[in-house]
1. For a protection proxy built on the mean count of beta-carbon atoms within 10 angstrom, sort 67-75, 95-103 highest first, please.
2. Measure of size requested: the Rg and Dmax of region 113-227, with Cα atoms as the atom set and Å as the unit; please supply both.
3. Once you have the alpha carbon radius of gyration of region 362-431, what is it after dividing by 2.2 N^0.38 Å, with N set to its residue count?
4. Could you give the length gained by full extension between Asn204 and Ser305, i.e. 0.36 nm per residue of separation minus their alpha carbon distance, to one decimal place?
5. Mind ranking 110-119, 218-227 by how tightly packed they are, going by the mean number of other C-beta atoms within 10 angstrom, highest first?
6. Would you kindly give the portion of the calculated P(r) for region 165-288 that falls above 27 Å, as a percent of all Cα pairs?
7. Packing-wise, with mean Cβ within 10 Å as the measure, how do 265-277, 508-520 rank, highest first?
8. Over all pairs of distinct alpha carbons, what does the Kirkwood formula give as the hydrodynamic radius of region 243-392, in Å?
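All of the numbers you see were taken from the coordinates with simple rules; none came from a lab. Everything quoted here is computed from the prediction, not taken from an experiment. Here Cβ is always computed from backbone atoms with ideal geometry, including for glycine, and neighbour counts include all displayed protein chains.
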Amino acid sequence: MEMGMGMGMDVVAAQLARLGDALTTSDHASVVSINLFVALLCACIVLGHLLEENRWLNESITALIIGLCTGVVILLTTKGKSSHVLVFSEDLFFIYLLPPIIFNAGFQVKKKQFFRNFMTITLFGAVGTMISFFTISMGAIAIFSRMNIGTLDVGDFLAIGAIFSATDSVCTLQVLNQDETPFLYSLVFGEGVVNDATSVVLFNALQNFDLNHIDAMVILKFLGNFLYLFVSSTFLGVFSGLLSAFIIKKLYIGRHSTDREVALMMLMAYLSYMLAELLDLSGILTVFFCGIVMSHYTWHNVTESSRVTTKHAFATLSFIAETFLFLYVGMDALDIEKWKFASDSPGKSIGVSSILLGLVLVGRAAFVFPLSFLSNLTKKTAIEKISWRQQIVIWWAGLMRGAVSIALAYNKFTRAGHTQLHGNAIMITSTITVVLFSTMLFGILTKPLIRFLLPASNNTISDPPSPKSLHSPLLTSMLGSDLETAIPIVRPSSLRMLLTKPAHTVHYYWRKFDDALMRPMFGGRGFVPFSPGSPTDPNVLVDH
């Protein structure tokens, strides 16, 4: 009996030892992965600095190339067994990498330019994405159903439409300059944010969509649900931003600790995103509008040192997340497991990738040019209209597909990042091919295309460029809804004025409402809390 118990204890001890070894191996692999990615991030920063003035490359493409080269090296060292040290995880992307990128974009965006074009942005981002979705889906059903690429059904083809309707708003940040082309930047990037949110909502709706019972009522219900998600997500972002402004203004935390101010801003921004995901809303829209509201109210309620800190901290977190993302995609693109199941028909894989790329080109053209024409019909002056050359740049700049497409494709066609179905493997590898090709080709050619179609002399802008220094203009006590100088607007005297210049009219009344009610309650430039000896002391503000 004792011998049996002793043998049993030995077996348990041996199993625990093996488990301990496995955990040690796993921990070691994690440490190796972290070291590798930190080293690669440093390399990307250095190379990005050296290529700062390069007219062809940008930091996203550089990170993608470094990721691909690293994948090749790992493939060679492991003798073809593996090309990456981290498997692409949609959770990692949506929960950790995307929020700081989208929040910082909202925090830094020129608000006057963005809201001046808000209707066009919504038109392109929502209606345009739906047009692109139907174009790509119908093309996929018509072509792929005849190619015998695997066990794909109508639901898969509709999912393909949602996956490839998602533009890469992250790459747009890299190829368009907010100071050089503010109109195009606000239009393309704003459209990209709404587009990403629309694509994710579309994709999630299709997962629960009964394709066997489609009728007018189901379609109307779907559209109503989308409108509800859009409005609710935006409201949650605005509410989160206003709540942070109110708390910081009333408590004036900075008089005791600037660290608490910065931490509270960061955590409440992230909380808005996670709360939106918890409520099945669009976290992308929520955190974007939270960033806009925080920059308009909350940022002005904190101390001077906190303003500089938050401005740099948000930009730095966004930059690291973007670089990490492209490294991640580049390394995972060479995952040998996925390519192995599609390798028996390389011609078919190339054909599918080419067709998908063609559908992306057609799908974007199907809404950019018609919707630009409709948008121009509502504009009275030639300056406000989207010129033909600008339309070409908008079409081209939105052709890049990125991590959102990859994350959605993994969600649909893999389990835990792997698949053994031939059709699914072809769709995954084709998605990766389209993302790499579009990012590299369209990303490289976008800057030269803008310089060719829109010379610097034509980029006259109403807003001054963002200041190179974060001090001086940003930290003054000037009134204004943004960094721009206030433009006097004649008060409209009739309904006709409202119809002819809605943007100016709405902005005029918004400024009156903002100054009379919102800023006294939530703070903002000119309405910051007062504390003797603090950066909000009028004597201190005058010095700046």
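1. 95-103, 67-75
2. Gyration radius and largest Cα-Cα distance of region 113-227: 16.2, 50 Å.
3. Normalised Cα radius of gyration, region 362-431: 1.66.
4. Taking 0.36 nm per residue and subtracting the Cα distance, the gain is 32.1 nm.
5. 110-119, 218-227
6. 36 percent
7. 265-277, 508-520
8. It is 20.3 Å.
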